[in-house]
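Colleague: One structure, as structure tokens, below. Some questions next.
The values are calculated or read from the model by the stated rules, or taken from the named source; none is laboratory data. What you see is a predicted model, and the numbers here were worked out from it, not measured in a lab. Every residue, glycine among them, receives a Cβ derived from its backbone with ideal geometry; neighbour counts consider all protein chains shown.
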Amino acid sequence: MDQENKEEKLQALRHSASHVMAQAVVRLLPEAKLAIGPATEDGFYYDFDLPRPLNTEDLEAISKEMANIIASDLPIVREDVTKDEAAKIFKDQPYKLEILSEIEDEKVSIYRQGEFVDLCRGPHVSSTGRIGAFKLLNVAGAYWRGDEHNPMLQRIYGTAFETKEELESYLAKLEEAANRDHRKLGRELDLFSIHEEAGPGLVCWHPKGATVRRVIEDFWKDEHTRRGYSLVYTPHIAKVDLWKTSGHWDFYRDYLYSPMDIEGQQYILKPMNCLYHILIYKTKLHSYRELPIRFAELGTVYRYERSGVLHGLSRVRGFTQDDAHIFCRYDQLQTEVEGVLDLAMFMIATFGFSNYQVFLSTRPEKYAGSLQIWEMATSTLAEALNGKGVSYRIDPGEGVFYGPKIDIKFEDALGRAWQGPTIQVDFNLPQRFDVTYTGDDGQEKPVAMVHRTVLGSMERFLATLIEHYGGAFPLWLAPIQVEIIPIAESHQEYAQKVKDELVSCGIRVELDNRSETLNQKIRQAQLNKVPYMVILGDREGGSSTLSVRLRSGEQYHGLSVSDFKKRLGELILDRSQSLLL
């Protein structure tokens, strides 16, 4: 069986598991109102309107009843019925009736297993006994259809596999993922916080988290400058009319914050940086000889995300985009896209990601511009990918309203895909804003515009890095690179001298001069995931040397301060993943 068929079979199994779960819930809580229960990439869920909140004991009871249903090996049978017939079947299920009212077909499909029936398109396995190993994971709140104006439902998450061994492997992976959760590590490592008093989805960076972010941003700025980008800064608000001209007001309205009145004019928090970059470009005329022009900005933007989808750093309402826009001639477009691909691949490799997937996202249902422009933009992206020899898959309908895009998703240490670089070709905004250059014939010609990020947002990228490394950053990114641990108070003076010498070379050093035992200090440094611990006692002070312990437990004795500085400098300069001295 090929991979695609295996995935389809697993999806059907999980979809059937969600129905079995719903059947078990209705048996235990007959008043339950059923919403939806799809398969997901890693499992399944079902949303319920229930008379009371569920608890751990309820999940155990539901699991036990699911096991009974699976053991009964009930046939899962599809029936095609008229909408009127379906309305009678689901007369006591308001969420099903709402879904039914929106279906345009005269007939709909339902699936039966024993006494349970559900409105569903399928597919499913042939009987409940075909469901393999399953596990209910947790309960969470979920607004009906993701809208906070709708009722809050209870969502039960679960997963299912063909074999017990596959399930156990997945659960072990889940446990490791929980240990790497950036929200958990963010608290433990004192990197960032989010405060309900200030508002959900708004991030405060603590000194250590801000240090990691600054190192990334400095590297980003230097690399962009080296590759011919000019850095710019733009305001956080703009008049609403600007976003109406661009089309964002019509196509992106649900994600824009409500306008604010300033001296009789309507302003909004900017949701992206591209329009300000266009305005900068238009402050003067440009010749064909000047192009391409590349503007880059670490610009903070604001988008309204519903509270139900907010998630630590990975889904927030205010975030800093590693943004850039390239203005070029049409004949330069493919070369510029290839250059962005080179930069994106360089960034991915530098931060330690070796596996990634590339998608070409095509025209969505709601789009601006002509089909001809869309076809031209899409073919340009495809030619750039082919020109660089990059394998990719088509992601139908996932482009943005103004143009197609390349999405690159990199895999972390647990094999999970995270959204990374995005490259978008745009012919629409340049037309809307009359963005032109003077050609070699003296005539005004429209520019082609490339929107691109190579990291995504700083917030989401930091979430990815934290989970990829489990908080144990490589040396060049670590907020504290060296922890100096004097064994006794008599070693404090030498410890301070070593710290000063390392700090003078730009190394980030912390001196632990607490009145704790050596083992307690080492343990704290280990918990803080500091790459190097320099332990100083009589022997080291007497010989002006260092004893160095890596967070992995390896130890080096008798190192000179100069050799230690030199080696750390080399590792930092190379942005190495290794800590070996």
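Colleague: Report yes if some residue within the range 112-127 is over 24 Å from ALA87 (Cα atoms) and touching a His at 6+ places or on another chain (Cβ under 9 Å); otherwise report no.
Modeller: yes
Colleague: What tally of residues in the range 245-268 results from selecting those that are surrounded by 12 or more Cβ atoms within 10 Å (Cβ to Cβ) and without any contact (Cβ under 8 Å) to a residue 40 or more places away in the chain?
Modeller: Matching residues across the range 245-268 total 8.
Colleague: Out of everything in the range 209-244 that is in a helix (DSSP H, G or I), of a type in the set (Lys, Arg) and surrounded by fewer than 15 Cβ atoms within 10 Å (Cβ to Cβ), what residue ends up being nearest to the chain's Cα centre (by Cα)?
Modeller: Once the filter is applied, the top-ranked residue is ARG214.
Colleague: Moving on to the next point. For the range 68-122, which residues satisfy the criterion of being polar (S, T, N, Q) and without any contact (Cβ under 8 Å) to a residue 60 or more places away in the chain?
Modeller: Once the filter is applied, which keeps residues that are polar (S, T, N, Q) and without any contact (Cβ under 8 Å) to a residue 60 or more places away in the chain, the range 68-122 yields ASN68, SER72, THR82, SER101, SER109.
Colleague: Which is in contact with an Asp or Glu (Cβ under 8 Å, 6 or more places away or on another chain), among the small types (Gly, Ala, Ser), touching a residue at least 12 places away in the same chain (Cβ under 8 Å) and in the same structural domain as LEU50 (by TED's automatic domain parsing), of GLY141, GLY129, GLY146?
Modeller: Step by step, each of GLY141, GLY129, GLY146 is checked, and only GLY129 is in contact with an Asp or Glu (Cβ under 8 Å, 6 or more places away or on another chain), among the small types (Gly, Ala, Ser), touching a residue at least 12 places away in the same chain (Cβ under 8 Å) and in the same structural domain as LEU50 (by TED's automatic domain parsing).
Colleague: Let me ask something additional. Quick check on this structure: which one of LEU465, LEU477, LEU502, LEU511 is in the same structural domain as LYS221 (by TED's automatic domain parsing) and either within 39 Å of the chain's Cα centre (by Cα) or charged (D, E, K, R) (or both)?
Modeller: Checking each option against the conditions leaves just LEU465.
Colleague: Here is a list of conditions, (1) touching a strand residue (DSSP E or B) at 6+ places or on another chain (Cβ under 7 Å); (2) under 29 Å from THR436 (Cβ atoms); (3) part of a loop (DSSP other than H, G, I, E, B), and GLU297 meets all of them except one; can you say which number that is?
Modeller: (3)
Colleague: I would also like to ask the following. Which one of LEU559, LEU581 is surrounded by fewer than 18 Cβ atoms within 10 Å (Cβ to Cβ) and part of a strand (DSSP E or B)?
Modeller: Matching residue, one of LEU559, LEU581: LEU559.
Colleague: Turning to a different aspect of this structure: Which is surrounded by fewer than 20 Cβ atoms within 10 Å (Cβ to Cβ), in the same structural domain as ILE408 (by TED's automatic domain parsing) and more than 30 Å from ARG303 (Cβ to Cβ), of LYS529, LYS445?
Modeller: LYS445
Colleague: Could I ask something else about it? Does ARG363 satisfy being at negative phi, in contact with a Gly (Cβ under 7 Å, 6 or more places away or on another chain), buried (at least 20 other Cβ atoms within 10 Å of the Cβ) and not aromatic (Phe, Trp, Tyr)?
Modeller: yes
Colleague: Within the range 381-401, can one find any residue that is within 16 Å of the chain's Cα centre (by Cα) and part of a strand (DSSP E or B)?
Modeller: No, the range 381-401 contains no residue that is within 16 Å of the chain's Cα centre (by Cα) and part of a strand (DSSP E or B).
Colleague: A further question on this structure: Of the numbered conditions (1) part of a helix (DSSP H, G or I); (2) in contact (Cβ under 8 Å) with a residue 24 or more places away in the chain, ARG523 satisfies every one except a single condition; which is it?
Modeller: So the condition that ARG523 fails would be (2).
Colleague: With LEU414, LEU475 as the choices, which residue is part of a loop (DSSP other than H, G, I, E, B), touching a strand residue (DSSP E or B) at 6+ places or on another chain (Cβ under 9 Å) and over 25 Å from ILE326 (Cα atoms)?
Modeller: Exactly one residue qualifies, and that residue is LEU475.
Colleague: Starting from the range 482-503, keep only residues that are buried (at least 18 other Cβ atoms within 10 Å of the Cβ), then list their pairs with residues that are among the hydroxyl-bearing types (Ser, Thr, Tyr) whose Cβ atoms are within a distance under 9 Å, requiring at least 6 positions of separation or different chains.
Modeller: VAL482/TYR532; GLU483/TYR532; PRO486/TYR494; TYR494/SER544
Colleague: Next question. Does ILE110 fit the bill of being modelled with pLDDT of 95 or more, surrounded by 12 or more Cβ atoms within 10 Å (Cβ to Cβ) and either assigned by TED's automatic domain parsing to the domain that holds HIS311 or over 35 Å from the mean Cα position of the chain (by Cα) (or both)?
Modeller: Considered against the rule, which asks whether it is modelled with pLDDT of 95 or more, surrounded by 12 or more Cβ atoms within 10 Å (Cβ to Cβ) and either assigned by TED's automatic domain parsing to the domain that holds HIS311 or over 35 Å from the mean Cα position of the chain (by Cα) (or both), ILE110 comes out as yes.
Colleague: Looking at (1) over 30 Å from SER307 (Cβ atoms); (2) crowded, with 18+ Cβ neighbours inside 10 Å, which one does GLU85 not meet, given that it meets all the others?
Modeller: Result: GLU85 passes all but (2).
Colleague: Which condition does THR40 not pass, out of (1) under 22 Å from ARG121 (Cβ atoms); (2) touching a residue at least 40 places away in the same chain (Cβ under 8 Å); (3) surrounded by fewer than 17 Cβ atoms within 10 Å (Cβ to Cβ); (4) not aliphatic (A, V, I, L, M), if it passes all the others?
Modeller: The one condition THR40 does not meet is (2).
Colleague: Can you find even one residue in the range 188-208 that is in a helix (DSSP H, G or I) and among the small types (Gly, Ala, Ser)?
Modeller: no
Colleague: Additional query: Can you tell me which of LEU29, LEU54, LEU50 is under 30 Å from the mean Cα position of the chain (by Cα) and either under 15 Å from GLY114 (Cα atoms) or surrounded by 14 or more Cβ atoms within 10 Å (Cβ to Cβ) (or both)?
Modeller: LEU54
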